[in-house]
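A short write-up of the structure that comes next.
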Amino acid sequence: MSWNTFGRVLRFTTWGESHGPALGAVLDGCPPGIALSEADIQPFMDARRPGQSKFTTQRQEPDQVKILSGVFEGKTTGTPISLMIENVDQRSKDYSEVANAYRPGHADYAYDAKYGFRDYRGGGRSSARETAARVAAGGVARLIMPDVTITAYVSQIGTDEIDRDQADFAEIGNNPFFCPDPAAAKRWEQLVDDARKAGSSLGAVVECVATGVPAGWGAPVYAKLDADLAAGMMSINAVKGVEIGDGFGAAQLSGEQNADPMREAEDGSGPEFGANHAGGISGGISTGQPVVCRVAFKPTSSILTPVDTIGRDGKNTRIRTKGRHDPCVGIRGAPVVEAMMALVLADHKMLHRAQCG
C-alpha cells in the first residue's frame, strides 16, 4: 500500500502530483486556539519557491498557499487543516521521452515495477514538487512551538565545503544558496553554473540546527527523536543520507572524545555541556542542547547529458531529460529540511505532553 502520512499525534498527509492541478497537505492533530493565517506560512513557501535564480529550476510557480479548513476567526479549531498550492506552470510535453524510457537514478523504474504504470509528467509523486506541501505543513508546525528556532543552510555543494570559521547565519538570506559563508557562496555560483551549462548536476549537504528544544522530548526505544528525524529527512526526495550530531564522524572518536561533558550551571538552571557531539539527543530523548542534523542530497537525476537506460519494452536505449530542472536540488532542500525538523519536533512536543503532562 502507499503511505502518504507522517507523524503520530501531529499527523500530516500530502497529496497531489507535480503536473496535476494542485497539491497540498492535510495536517491533523494541531491544537486549537493557535493564531494562523496564510501570511504565517507564505514566507516559508517563498523561500522554497522555484525560479528565483539561474541556479534553480526556471519553472515559475507563485506557490501561494490557501487554507481550506481548520481555521475559524483566525485561530485553529482543532480539526484537520487543509492546505492547497495550485500548479500553474506545468509543461508536460517536456516529458514525452520519459513516458517510454526510464531515467536512471530517478524513481521511474521503481514506480513502474510497483504499480504497473506511473505518472511520468515530472515524476508525479516522486517529483521534488511534492515538498511544497511539506513546507506549508511545517509552517503550521512552527507555531505549535514558538520558543524553538530552526535554521537550515547548505554546508557543501559537490566537494566544496563552507569554512565554518567564517559561517554567519545572517548571511543565509543574502545569497541564492542558503549559504552562511559568503566566500563559499561566491565559489558555488561558478560551480553550479558550470554543471548547468554542461547538462549535468551536483549533490549537496544541508545542515539544520534547532535551538530552544527543551530536555525530554522523544522516547527511549521505538519513538526515538533522532530515529523520527532520520525517517522524516530520508522521506525527502533525493535524500540519501542523514547524520545526527557528529554522525559517522563519531565512529572515528574515542569514548572520551565523543563524550559531551556536563557541569552544574552556576545559576542552577541545569547542566552546562562542554560539547554537542550527540546533536542534542541522547538515548532518543532531547538533552536541551541544539538539535543538529545533516542531510545529503544526491545530484538531480533529470539531466541533459545522455545516459544508458532501458525502455518500458525492456530494450536498451539512451535518454536525456528535457525540461526545467534544478542543477543542484539540495539548494532548495534547505526550507524542506527545516519543515521536516519542525514537523518532527512539534509531534514530539505533543507526544511528550500526552505522556508526561
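The values are calculated or read from the model by the stated rules, or taken from the named source; none is laboratory data. Everything numeric in this text was worked out from a predicted model, so none of it was measured. As a convention, Cβ positions derive from the backbone with ideal geometry for all residues, glycine included, and neighbour counts pool all protein chains shown. Areas reflect the complete protein model, heavy atoms only, side chains present, ligands, DNA and RNA absent. Shrake-Rupley method; radii C 1.70, N 1.55, O 1.52, S 1.80 Å.
Could you tell me the center-to-center distance, by alpha carbons, between segment 198-222 and segment 241-262 in angstrom? Using only Cα atoms, the two centres lie 15 Å from each other. The spacing between segment 267-296 and segment 128-190, judged by their C-alpha centroids, is 21 Å. Kirkwood radius for segment 211-357, taken over all pairs of different Cα atoms as the inverse mean of 1/r, rounds to 18.0 Å.
Carbon-plus-sulfur accessible fraction, the chain (probe radius 1.4 Å, protein heavy atoms only): 53%.
Counting only chymotrypsin sites (Phe, Trp or Tyr not before Pro) that DSSP places in a loop and that have at most 15 other Cβ atoms within 10 Å, the longest clean stretch of the chain runs over 223-357.
For the residue pairs Lys66/Lys224; Lys114/Lys240; Lys114/Lys197, the C-alpha atoms sit more than 23 angstrom apart in Lys66/Lys224; Lys114/Lys197. Using the Cβ of Gly33 as centre and a radius below 13 Å, the other residues enclosed give a net charge of 0, where K and R count +1 and D and E count -1. Ranked by solvent-accessible area (1.4 Å probe, protein heavy atoms only, all chains present), the residues Ser18, Ser200 order from largest to smallest as Ser200, Ser18.
In order along segment 24-30, the phi-based Karplus estimate (6.51 cos²θ - 1.76 cosθ + 1.60, θ = phi - 60°) of 3J(HN,Hα) comes to x, 9, 10, 9, 10, x, 5 Hz; Gly and Pro are listed as x.
Using a cutoff of 8 angstrom between alpha carbon atoms and counting only pairs six or more residues apart, the relative contact order for the chain works out to 22 percent.
Between Ser269 and Asp165, residue separation times 0.36 nm minus the direct Cα-Cα distance comes to 34.5 nm. What the chain shows is 47 Å² of accessible area per residue, with the surface traced by a 1.4 Å probe over protein heavy atoms.
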